[in-house]
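Let me begin by presenting the structure, written as structure tokens, before commenting on it.
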């Protein structure tokens, strides 16, 4: 029997999830909600569903699951209300910018006993998930070191950055999750430093940074390095590599085509996929498929609200390390 | 307004087209037909449409277009009946194994004045079509040479081969179309040779070959080489490269993931996508989108029944060249 | 004890061989000869050896070996005289442009009973020789198909082409040797066609071509395709690939550096090494090392004058096939 | 006129430099010295030179330059004596394990006013130096971030490690030089952590580590990350990448051949060159050529004893950061 699901948030990411839900044979899209009427109406029309209010969604006992794709500041409240209403939850990252509030959500979900998937979609990317599966099969033996490079094509507006919680919560939250997922181990110490190199306003107006370097040491001495930048002239760069006792696995960028051009100056290939909507198109699909498979009892939840909280702990620690110029000890 | 389309053939390729049609916002899937009831019923159920007979489809004046994905021996008859019924046609390759019959279809379509797209889906592959677009922009100047390498993961059963029309019609038909599409020019001479190297029964029982080498020279002296094999131990290999006065463009294989593994012996990447259903998944989608865009007046038909006939002429010429050990002159 | 060797020809290729000989611990460079005094004197001075005449070299019984790097029209005469003088011979390709004269050389060498290496240096390239060794270890099983792509950065002057013997003898002689070396089997039929696409004078003045397509079928049905061009805008392109029952091996281009540049438009790598002097620098060194090892009794001659004659037979057959528009049968 | 040069140290690295010197047309190899007679005699015989004592070398006023390739603990003493004797100096890294002693050497060299090249051979690698030249031409604009990955194929014996000065001085000294060379800027802070993951004796017996993660922040906020490991199952891994405002440049590994193998499981290429002798073969040659060109007045010294001292300062800082678990501030 199909899962009845409603989508809250009809913006960019809500549209993706709603469209994927509409195409998933195991889902009946019960409706979409948004604080602003137009995008909700447009999306509902496109997908042949109706506009609902959040209240209607939570009150409708025939709706099994809610997908929360609204703005970050609404996540915690919606998670708690949805948990109280007995809904399964698929919520975009982050749980909240405030760690304590995120922990409250974690508790609420635990009490409700329903599934709650936090949208770390990278775990569902074909390349990343294949790499993880190969680690689990023991292909490279005991893990030793991880290096993550994560760059956006350009920085968001300074006004956005001012409300973003800072680069470690807003951008590196994904990379911290990659660290935890790949190593399957918790951090002992975190060191982070950062600079504003692409636009001085990022420092002076937003009090934020655009370029970071982080080192995480785990309780068993494994070492992870994360480097991010808000701007790469060549586009969206999403790579990591894992060294183990028996070898190395690298996750490379995806490209739109496999054309190779040999000209008078160079031999060239395509730049990486433009941005996260393109790069993770399949990841978003797989992620929704997984959520539905979990609700159907066919798969076990692969990324939980606890993962969302733990990534936030690392983001908090990194922020502190940077701001206070000190190594932060976690465990 | 949505195009009303029916799909004839509920086998492997029919399923793909019907599913793509069901997901295309501009299409209403009017029904599916198949000589065998079960697959038709199953597909119709999956896609929320109904089972129709060919007769019902052709008689229903609300149906704008038919997609012919049934077995090769039915193509010509269905094209002619559909043309007579005033339907737009999307027909899988080849038009027919018999060149004269294919030409009759071409005439019937011309008389009917409706769109008829022949399913050379490779033209719609992201890599191949990007390469073609770059040629048209003049990136490599005047074209000089083309080299196509096309290998299947394994030969079909000998029983299939016996009814296939031979490797040049069954397998290279796609490569002949690539030749015409890339060069935009007709063949002057064709030389072909072939061997049965993977299984002696292919020669002795099916009187066919599994490995080919073809050279086509165009009227302006451009040179094309095609090599195919029915079996590559490493999977499905689909590449070509074009030399022009100003450079070279190569179309490489697509791979499932971008994982790179460095181990004690080698550094390795994934094999190419398994077979045509995976490799050309997006091509099939784009192809259907194009057909619908043509019917909607938004695009001009990019591959016509004439293209189907011309590719067959080349396949006939290559077969003759091989069988009679001679160079065949076409124009 | 060191081999005493003299070098005939102080041009581009003679300089390379003489320099490699001077650096080879197993060689004493006895002298260099050239029809023109200046280059001989300059080379001798550079390498700390003396200028000799051909007569002096052949008469000097302390000289064990001669390296013939003079112009093609002198090869046959020098081989026969050197053989008569009891010298070991290292002669640049081709043996001669005339097949009968080349066969005479072969006989003279056989009678003399000395080593005679013909300079198919590609066999000594690290990539090509590693590939060949892997074939011999059975890595890809029984061979089925070979595809050679060989392109020069630009055509030589038309005046040179007029005396070159034509593209099949002058340029493809190397590719024909690659075919024989890789397959270890003789040709049954040869088909060749060619065009002059880069410069009309190549056809009208030199009666030659600049772009070729060749198919060779062996006695056991293996298929080889060769494509060459005198001009590639992106430089010197030297690749081949071999399909076997168990897999494929490809030999790719070498590049000056391993820098990868990601910019606003593309991701790029270096073009291939400029031309044969750069691309085959190591091959030339290995080739000379091999010749010295053969003379020292440490290795068995890996490329003989018979190989030189057989490659010429194929070049003759291809020329005939092209000029007479027919398939040429060899065995 | 040729530079008269003597080589001190006839071990692995001394042999390389002496052989390169013997092949360099601008050098006369005056002799070789070694504390142990046999290797010196053998090397001298191979290269046609004689065995000298260090005293003889320093006393011989016809000798222009000394190349110091003896063990690390002899470097400082030999530099100071050679400087006092008015010789030009080419000394292998490190200057010394003790920073103050290294600074004394720097002063001695400054007073002597002779050239002193410290053997950071990576700067002379074709890939690395091409990348640096492209940075200097402004290809990627203002630099922002550097990521260095440097892994050895296996750890040296624990007995060696006990006298090595620790991983930061023994192994990362090269990477610290890369940092300084690429950024052209000094460090403000250094953070380093390390683990012994490949062999517990490295920690318990040698009190050292085998896996490191370092972050350096420059005075202008540029960020560098260095990761090293003493063991990579797949061999010697030498890569770095630089992000700038206009793009990224990556230096990839070199491989022995360009063979690509497609088999039933994967598509594979060669592992990187075995170890530093192979990987940096050309770098060592270029480095010596540069030294000779400097002495001949044709080039300006590209890596000085000051560079050797500065790299050591970073190694000291990293060691302190790791041992004391704190961020070390340098400027």
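A few points about this structure:
- Residues C:217, C:282, sorted so that the one with the fewest Cβ neighbours within 10 Å comes first: C:282, C:217
- Mean sequence separation of contacting Cα pairs (under 8 Å, at least six apart), scaled by the length of chain B, corresponds to a relative contact order of 20 percent.
- Anisotropy class of the stretch D:3-114 from Cα gyration tensor, a/c 1.5 cut: prolate
- Cα gyration tensor shape of the protein assembly as shown, rounded if a/c is under 1.5, else prolate or oblate by comparing a/b with b/c: oblate
- Candidates C:138, C:14, C:86: whichever shows maximal mean-square fluctuation once chain C is modelled as a Gaussian network with Cα springs under 10 Å: C:138
- Backbone N atoms of the stretch A:243-282 closer than 20 Å to the 7 Å Cα→Cβ label point of residue C:139 belong to residues A:248.
- Helix axis angle, C:305-324 relative to chain C longest principal axis, alpha carbon, degrees: 40
- Per-residue mean of foreign Cβ neighbours for C:324-331 is 2 (Cβ atoms of other chains, 10 Å radius).
- The mean number of partner chain beta-carbon atoms within 10 angstrom of a residue's beta-carbon across peptide B:184-194 is 2.
- Calculated [θ] (222 nm, deg cm²/dmol) that DSSP helices of n ≥ 4 give over chain C, each run adding -39,500 (n - 2.57): -11500 deg cm²/dmol
- Full-stretch length increase - residue C:265, residue C:220 - with 0.36 nm per residue and alpha-carbon distance subtracted: 11.4 nm
- Listed by Cβ neighbour count within 10 Å, with the fewest neighbours leading, B:80, A:5, D:171 appear as B:80, D:171, A:5.
- Neighbour counting of Cβ atoms within 10 Å sorts the residues D:57, D:13, fewest neighbours leading, into D:13, D:57.
- Residue with peak Gaussian network fluctuation, chain D [Cα springs, cutoff 10 Å], from D:267, D:66, D:111: D:267
- Calculated log₁₀ intensity ratio I(q)/I(0) where the Debye formula runs over C-alpha points of the stretch D:193-301, q = 0.11, 0.22 Å⁻¹: -0.64, -1.16
- Residue C:326-residue A:275 pseudo-label distance in nm [points 7 Å out on the Cα-to-Cβ vector]: 6.7
- Most fluctuating residue given options B:42, B:107, B:137, as computed from a GNM of chain B linking Cα atoms under 10 Å: B:137
- Look at the stretch D:212-218: the mean tally of other chain Cβ atoms within 10 Å of its residues' Cβ atoms is 5.
- Cα-based shape type of the stretch D:72-193, given that a ≥ b ≥ c are square roots of the gyration tensor eigenvalues and the cut on a/c is 1.5: oblate
Each value in this text was obtained by applying a stated rule to the coordinates, not by laboratory testing. On a predicted model such as this, the values are computed, not experimentally measured, just so you know. Here Cβ is always computed from backbone atoms with ideal geometry, including for glycine, and neighbour counts include all displayed protein chains.
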